[in-house]
Amino acid sequence: MTTIFACKRPRNRAWLVSLSALAALTTTFNAHALNGDLGGTAYLSYDQAVWATLKPLESFKNMAYRELYGGQRIPTADIAGRRWAYPQLFVDKSAPAPLQPWWQATDAAIANGTSNPAAVAEWRVLDPAQQVPAAQPSGGWALAVDSLADGLDAGWAAGYRPSDFDLATGTGTIALGGSLRLHSDFNSPSGVLWMRGLTLERRSETESWYIGNNAGPAAGTFFELIDPVIGVNPDNGLLSIDADFKFGDSMYSRIFFQLEGDTRVVGHFSLNPRLDQNPGALVPVPGAVWLFLPTLLTLFGISRRQPLPPNAA
């Protein structure tokens, strides 16, 4: 049954609004559409204290991530030689995305003289002094955000994939100008895992936002954003997103780390925060609200009144 509201306008003219018509209008709008332009800067930080204890037990693994010593698991801790995993190095968009083959950095390759020094530098952390969590600048690492212009923006090194995000549907991938190298005291001997070519993406099948990578040998999602606050930065008109992140149901969480469903906050992500505002203080402004609000106001008569013509009833 259709419900009818009668509203009064000047000169006692009744204005009928059908709720069924209003519902029909709302179904034609994509609630995931986003306002703002793509570009600017994102900031990424991590909580090492949480990372260190995500897995209470772990086994030692070789360069190919195969278990050693019969898969024996020992307790992890936030001390040297016992940390499960941690970001060990950050590089920005000026570093070319392609990596040397990891097998050119194995112990066997080094021993028989067939190793590639560039591969060893990328895939091994042989200096114990470098086997420590990466220091973070205040506010986190800054990552350039690729706009939706054709190709990559100026200043990006070779090998990164440009953004293909669709603001109309709120899905796709946003390219972030940076890469993280993860190290583990349990990954022997001194092997690493690269998040090469960081990305921010939203997937329609899960309706969730993820941080991942798409320029390395093992592309996929690493982290899931927790209740992201989405809006537009009023200073520059750019899309703004602010959220903590977890491993959650990311691809690496499910397949590689076996941390699916883990809800602990492991870091924070901010896209185009205001300079005079702390990350996390943004007010959500869904695109559906701004685009649909004028229609709602007009339907309910909350718009600028225009005089009716003299012959109006």
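Do the conditions hold for Gln100, that is, is it free of Cβ contacts under 8 Å to residues at least 24 places away in the same chain and surrounded by 13 or more Cβ atoms within 10 Å (Cβ to Cβ)? Yes, satisfied. If we keep just the residues of segment 61-83 that are in a strand (DSSP E or B) and not charged (D, E, K, R), which is surrounded by the most Cβ atoms within 10 Å (Cβ to Cβ)? Per the criteria, the residue is Ile74. Being among the β-branched types (Val, Ile, Thr) and in contact with a Pro (Cβ under 9 Å, 6 or more places away or on another chain) is the requirement here; does Ile241 meet it? Considered against the rule, which asks whether it is among the β-branched types (Val, Ile, Thr) and in contact with a Pro (Cβ under 9 Å, 6 or more places away or on another chain), Ile241 comes out as yes.
In segment 166-177, which residues are open to solvent by less than 10 Å² (accessible area, probe 1.4 Å) and at pLDDT 95 or above? Walk me through how you get there before you give the answer.
Residues of segment 166-177 that are open to solvent by less than 10 Å² (accessible area, probe 1.4 Å), as a first pass: 170, 174-177.
Within segment 166-177, Ile174, Ala175, Leu176, Gly177 qualify.
Comparison of Trp123, Trp103 shows that the only residue that is under 23 Å from Asn214 (Cβ atoms), within 27 Å of the chain's Cα centre (by Cα) and aromatic (Phe, Trp, Tyr) is Trp123.
Across segment 18-27, a minimum of one residue is classified as modelled with pLDDT under 85 and in a strand (DSSP E or B).
I'd like to know if segment 251-268 contains one or more residues that are of a type outside the set (Ser, Thr, Tyr), at pLDDT 95 or above, open to solvent by 30 Å² or more (accessible area, probe 1.4 Å) and touching a strand residue (DSSP E or B) at 6+ places or on another chain (Cβ under 9 Å). I'd like the intermediate steps shown before the answer.
We begin by selecting, within segment 251-268, every residue of a type outside the set (Ser, Thr, Tyr); these are 251, 254-262, 264-268.
So of that shortlist, the ones also at pLDDT 95 or above come out as 265-268.
Subset that is open to solvent by 30 Å² or more (accessible area, probe 1.4 Å): 265, 268.
With touching a strand residue (DSSP E or B) at 6+ places or on another chain (Cβ under 9 Å) added as a condition, the list becomes 265, 268.
Within segment 251-268, one or more residues are of a type outside the set (Ser, Thr, Tyr), at pLDDT 95 or above, open to solvent by 30 Å² or more (accessible area, probe 1.4 Å) and touching a strand residue (DSSP E or B) at 6+ places or on another chain (Cβ under 9 Å).
State whether one or more residues within segment 124-147 are touching a Leu at 6+ places or on another chain (Cβ under 6 Å) and without any contact (Cβ under 8 Å) to a residue 40 or more places away in the chain. So far as segment 124-147 goes, no, none of its residues is touching a Leu at 6+ places or on another chain (Cβ under 6 Å) and without any contact (Cβ under 8 Å) to a residue 40 or more places away in the chain. Note on segment 124-165: among residues that are at pLDDT 95 or above and part of a strand (DSSP E or B), the one that is most open to solvent (accessible area, probe 1.4 Å) is Ala142. Is it fair to say Leu38 is over 20 Å from Ser190 (Cα atoms), modelled with pLDDT of 90 or more and open to solvent by less than 60 Å² (accessible area, probe 1.4 Å)? Yes: the conditions hold for Leu38.
Take segment 225-250 and flag every residue that is of a type in the set (Asp, Glu), more than 19 Å from Tyr86 (Cβ to Cβ) and at pLDDT 95 or above.
Initial filter on segment 225-250 (of a type in the set (Asp, Glu)): 227, 235, 242, 244, 249.
Still in the running and more than 19 Å from Tyr86 (Cβ to Cβ): 227, 235, 242, 249.
Those that are of a type in the set (Asp, Glu), more than 19 Å from Tyr86 (Cβ to Cβ) and at pLDDT 95 or above: Asp227, Asp242.
Which of the residues that make up segment 84-94 are of a type in the set (Gly, Ala, Ser) and surrounded by 14 or more Cβ atoms within 10 Å (Cβ to Cβ)? The answer is Ala85, and nothing else.
The values are calculated or read from the model by the stated rules, or taken from the named source; none is laboratory data. Being a predicted model, the structure only gives us computed values, none of them experimental. Every residue, glycine among them, receives a Cβ derived from its backbone with ideal geometry; neighbour counts consider all protein chains shown. Protein only, heavy atoms only, side chains kept; ligands, DNA and RNA dropped before computing areas. Shrake-Rupley method; radii C 1.70, N 1.55, O 1.52, S 1.80 Å.
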